[in-house]
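Worksheet: the structure to be examined is printed underneath.
The values are calculated or read from the model by the stated rules, or taken from the named source; none is laboratory data. Since we're looking at a predicted model, the values are computed, not measured. Here the Cβ is made from the backbone with ideal geometry for all residues, glycine too, and neighbour counts use every protein chain on show.
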Amino acid sequence: MAANVDSPRRSSLFGLFKKSKKERSQSVAPTDDDTGRKMLGNRSPRRSLQLPGKDNYVIEHRSTNLSSLSGHSGLRTMQSPEQYKTDSQTEPGESIVARFTERTWQQVYAYLSDADLAAISFSCKAFHSRLGTEPFQKLADPDNLAQRYDFLQRLDKTLPGHLLCFDCHRYHKRIAPGEEKLVPINVQSPVYDCPEVGNPNKINPRIRITFDRIMPLTFVQMAMRAHRFGAPYGITMDTISRRYKDKVDDSTWSHQTKFAVVKGHLLMRVMSSCYAPPGLPPAGERHLLYSRQNFIPFFSVCPHWQDGVLMPNVKCALRHIPKPLEGSGLNRVARETKLHFNPEKPIVSLCHNCKPMRRCPECPSEYLIEIRMTEDKADPTKLFKQTLVVTRWSDLGDGSSPFTPEWEALNGKPGFDSVEALGKRAVAGQFEAEFNGDVIPSQNMLSMNPEKMKLGEKGHDWY
């Protein structure tokens, strides 16, 4: 009896699975040709993209908007670029712009700046016929230079052989594209011919690097343009990096500059060094550190170097250099004997005042003072000497204009807060991490002006 009951059940299960694997796949999944014929015969092309739920509304809603703007329906907007080129039914831009009323366009214009309106008018004939030359007339107003700069900077990518001049408010053709070099301040090497180059009332934006070297904004522009768009638009970082020695006032200082682009900003490092004799009197320290022409340090400093503890810390580092033996007789013999059994270490340790790095609170500049033992091949009598090394890191900004916060702060304009602008990440750390993360300066960072005293030349500690 049990066998009779189970036999129909077994036969029904066998009937379900008695088909071969190939037959089951054909009965369940139709071929692609059949599916395509069914979809094209029963549904429109747009409905074939429908999805359940809100996704269906999103796709259908977007396709409807694209179809209304392009003048075609269905999936015509999803054609390839090759099909667009051969499509003779594409409507001109005037008819597409005319789909919206003048009142609608006026409401759109109300949200745009003068530079944006000029860019729209410059983009195509359809918008130029509507806007005319009025946006460009507004940019020609001398009181509207910010908007004019904003519009002109958008043309950088289309003008590799030209450079924007902030004195003339126009583009000038570069004299020697790709061959521009940083030269001393007393050497004439213009990047372009500007009629306002000798006008003292113009900006001529630049910052001081060392005693007889400057960094014009034009080189910052070309370095950033080459980084953004390619080598034909400017110059490489190796082109503006330099090694040189001072040849003024019997200076013994040598300098090395290096640049890097980090997060869209051009960072600069200047390492200045000179052999420092031990036991210098105050007059000797001034003779070693300052130029006799304008009493500015030979090494690289920002405009706020007179305020704070930068110069006192440099002089403090000089006083840590061990003095040679003095005196004569038994006292000198005793000192020589002591020095023979306990020689002094060649590495000079600095104190808690001059050892930490210092950040200027009013501009993006940071300093590190060191005493190193280096080789002097020019003096065979004493091959190794103690050397004073002052390193400065600075953020030159993005090079877009002379009105960026970083560039204005490096030229002495007040109102810049380096702690708020730079945050916890030091400029020195960002710069060194671009080349080798293992050599990041390990000193702690302190303020260059902890007392916030701004005396300038009236103060006496700097001299």
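If you go through segment 419-428 and keep only what is farther than 23 Å from ARG228 by Cβ and modelled with pLDDT of 90 or more, you end up with just ALA428.
Please verify whether segment 201-211 includes one or more residues that are exposed (fewer than 12 other Cβ atoms within 10 Å of the Cβ) and over 25 Å from PRO297 (Cα atoms). Before the answer, list the steps.
Taking segment 201-211 first, the residues exposed (fewer than 12 other Cβ atoms within 10 Å of the Cβ) are 201.
In the following step, the residues that additionally are over 25 Å from PRO297 (Cα atoms) were identified as 201.
Within segment 201-211, one or more residues are exposed (fewer than 12 other Cβ atoms within 10 Å of the Cβ) and over 25 Å from PRO297 (Cα atoms).
Taking only segment 266-303 into account, find how many residues are farther than 30 Å from GLY234 by Cα and of a type in the set (A, V, I, L, M).
Summing the residues that are farther than 30 Å from GLY234 by Cα and of a type in the set (A, V, I, L, M) in segment 266-303 gives 6.
A single member of CYS194, CYS165 is touching a Cys at 6+ places or on another chain (Cβ under 7 Å) and within 20 Å of ALA119 (Cα to Cα), and it is CYS165. Do the conditions hold for SER251, that is, is it in the same structural domain as HIS320 (by TED's automatic domain parsing) and modelled with pLDDT under 95? Yes.
If you go through segment 240-278, how many residues are among the small types (Gly, Ala, Ser), within 25 Å of ASN186 (Cβ to Cβ) and part of a loop (DSSP other than H, G, I, E, B)? Spell out the reasoning first.
Here is the first cut: in segment 240-278, the ones among the small types (Gly, Ala, Ser) are 241, 251, 254, 260, 264, 272-273, 276.
Now drop any that are not within 25 Å of ASN186 (Cβ to Cβ), which leaves 241, 251, 254, 272-273.
Keeping just the survivors that are part of a loop (DSSP other than H, G, I, E, B) gives 241, 251.
The qualifying residues number 2.
Each residue in segment 110-158 was checked for being surrounded by 19 or more Cβ atoms within 10 Å (Cβ to Cβ), of a type in the set (A, V, I, L, M, F, W, C) and in contact with a strand residue (DSSP E or B) (Cβ under 8 Å, 6 or more places away or on another chain), and 1 of them qualify. Of the residues making up segment 362-381, those that are assigned to a loop (DSSP other than H, G, I, E, B) and crowded, with 19+ Cβ neighbours inside 10 Å are GLU362, CYS363, PRO364.
With the condition being surrounded by fewer than 20 Cβ atoms within 10 Å (Cβ to Cβ) and at pLDDT 80 or above, I'd like the helices (runs of 4 or more DSSP H) fully within segment 280-342 carrying at least 1 qualifying residues. Write out each step before concluding.
On the way: elements: 282-289, 310-318, 329-341.
It comes to 282-289, 310-318.
Considering only segment 212-230, I want to know if a residue exists there that is assigned by TED's automatic domain parsing to the domain that holds LEU368 and small (Gly, Ala, Ser). I'd like the intermediate steps shown before the answer.
We begin by selecting, within segment 212-230, every residue assigned by TED's automatic domain parsing to the domain that holds LEU368; these are none.
Checked segment 212-230: no residue is assigned by TED's automatic domain parsing to the domain that holds LEU368 and small (Gly, Ala, Ser).
Scan segment 382-394 and tell me whether some residue there is under 30 Å from PHE151 (Cβ atoms), under 18 Å from the mean Cα position of the chain (by Cα), free of Cβ contacts under 8 Å to residues at least 12 places away in the same chain and surrounded by 11 or more Cβ atoms within 10 Å (Cβ to Cβ). Within segment 382-394, none of the residues are under 30 Å from PHE151 (Cβ atoms), under 18 Å from the mean Cα position of the chain (by Cα), free of Cβ contacts under 8 Å to residues at least 12 places away in the same chain and surrounded by 11 or more Cβ atoms within 10 Å (Cβ to Cβ). Could we say that ASP379 is within 20 Å of ILE321 (Cα to Cα), modelled with pLDDT under 90 and of a type in the set (Asp, Glu) here? Spelling it out, ASP379 is indeed within 20 Å of ILE321 (Cα to Cα), modelled with pLDDT under 90 and of a type in the set (Asp, Glu). Helices (runs of 4 or more DSSP H) fully within segment 120-239 that include at least 2 residues being of a type in the set (Gly, Ala, Ser): 125-131, 217-229. Is segment 95-109 home to any residue that is among the β-branched types (Val, Ile, Thr), at pLDDT 85 or above, over 38 Å from the mean Cα position of the chain (by Cα) and not in a helix (DSSP H, G or I)? Within segment 95-109 (the criterion being among the β-branched types (Val, Ile, Thr), at pLDDT 85 or above, over 38 Å from the mean Cα position of the chain (by Cα) and not in a helix (DSSP H, G or I)), the answer is yes, since at least one residue qualifies. Entry remark, segment 261-288: residues being under 35 Å from the mean Cα position of the chain (by Cα) and farther than 30 Å from ALA433 by Cα number 1 in total.
A quick yes/no check of all residues on (1) of a type in the set (S, T, N, Q); (2) modelled with pLDDT under 90:
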site: ARG358; (1), (2): no, no
site: CYS363; (1), (2): no, no
site: TYR367; (1), (2): no, no
site: ILE371; (1), (2): no, no
site: VAL389; (1), (2): no, no
site: GLY399; (1), (2): no, no
site: SER442; (1), (2): yes, yes
site: LYS454; (1), (2): no, yes
site: ASP461; (1), (2): no, yes
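Cβ-Cβ contacts under 7 Å between residues 6 or more apart (or on different chains), taken from a first residue in segment 228-245 that is within 16 Å of MET215 (Cβ to Cβ) to a second residue that is of a type in the set (D, E, K, R) and exposed (fewer than 15 other Cβ atoms within 10 Å of the Cβ), are listed as THR239/LYS181.
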